[in-house]
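Below you'll find the structure, written out as structure tokens, and then a few comments.
Only the coordinates and a few stated rules stand behind these numbers; no lab work does. Quantities reported herein were computed from a predicted structural model and do not represent experimental measurements. Glycine also receives a Cβ, built like all others from the backbone with ideal geometry; neighbour counts cover every protein chain displayed.
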Amino acid sequence: MESERTLAMIKPDAVARGLVPRILSRIQESGLKILALKSLKLTASDAGGFYEVHKGKHFYEPLCSFMSSGPIIALVLEGEDAIARWRKLMGATDPAEADNGTIRKELAESKERNVVHGSDSKETAAFEISFFFSGIELTGIK
Ligand code: IDP
Ligand code: MG
């Protein structure tokens, strides 16, 4: 299987709760490589652009407000089957439905405040990685 890249985020709730080291450890233990990482604060408009696919849904406005409420960490993870592996490690959107041992099951407070994000397909990964990172930021540390 060929190497793949996915966009991950540590959401504002997790940053505010001091969960960044714990989540980074889970990523490291999974064997996925952190190709790029940055910390930044989104505006509501940035968040709206990132989550454009959800525009019109009942949770869109509160989601944009939540995602711009504090700093986030954006990461590019690389490895075989990285998209599915990161989503499996995150767990289901709603922590009440997430499998034991997943990050959301262990750490998330609600379906909205669910600590992490991951791309859901090759197409969204390409869009989401380019949303945060330029080509020169994706050469990695050899
Ligand atoms: P995902 O993050 O597991 O891919 P999506 O369906 O893409 O889930 O939704 C994006 C984000 O929107 C979720 O991670 C969560 O923060 C929020 N969200 C999704 N559905 C709901 C909901 O029913 N109520 C509140 N927030 C939601
Ligand atoms: Mg999604």
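Each label point was placed 7 Å from the Cα along the Cα-to-Cβ direction; for T93 and E112 their separation is 1.4 nm. The ranking of K57, K11 from fewest to most other beta carbons within 10 Å of each one's beta carbon is K57, K11.
Ranking P71, S30, S119 by how far each Cα lies toward the positive end of the dipole of the chain (charges on Cβ) leaves P71 at the top. With the convex hull of the Cα atoms taken as the outline of segment 38-142, the averaged projected area works out to 7.4 nm². When the P(r) is computed for segment 60-106, the part past 16 Å accounts for 57% of the Cα-Cα pairs. At what distance in angstrom do the alpha carbon centres of segment 1-20 and segment 76-142 lie from each other? If you average the Cα positions of each part, the centres end up 6 Å apart. Counting Lys and Arg as +1 and Asp and Glu as -1 over every other residue whose Cβ lies under 11 Å from the Cβ of A14, the net charge comes to +3.
Listed values for segment 28-34 are Karplus-derived 3J(HN,Hα) couplings in whole Hz (6.51 cos²θ - 1.76 cosθ + 1.60, θ = phi - 60°), namely 4, 5, 6, x, 6, 8, 7, and x replaces Gly and Pro. With the helix formula -39500 (n - 2.57) applied to DSSP H stretches of n ≥ 4, the chain reaches a computed 222 nm mean residue ellipticity of -10500 deg cm²/dmol.
Mind checking the log10 I(q)/I(0) for segment 1-76 at q = 0.13, 0.19, 0.21 Å⁻¹? Debye, one equal scatterer per Cα, no solvent, two decimals. Ignoring solvent entirely, the Cα scatterers give -0.45, -0.85, -0.97.
Here the Karplus relation 6.51 cos²θ - 1.76 cosθ + 1.60, evaluated at θ = phi - 60°, turns the backbone of segment 57-72 into coupling constants of 6, 4, 9, 4, 5, x, 5, 5, 5, 4, 5, 10, 7, x, x, 10 Hz, with x for every Gly and Pro.
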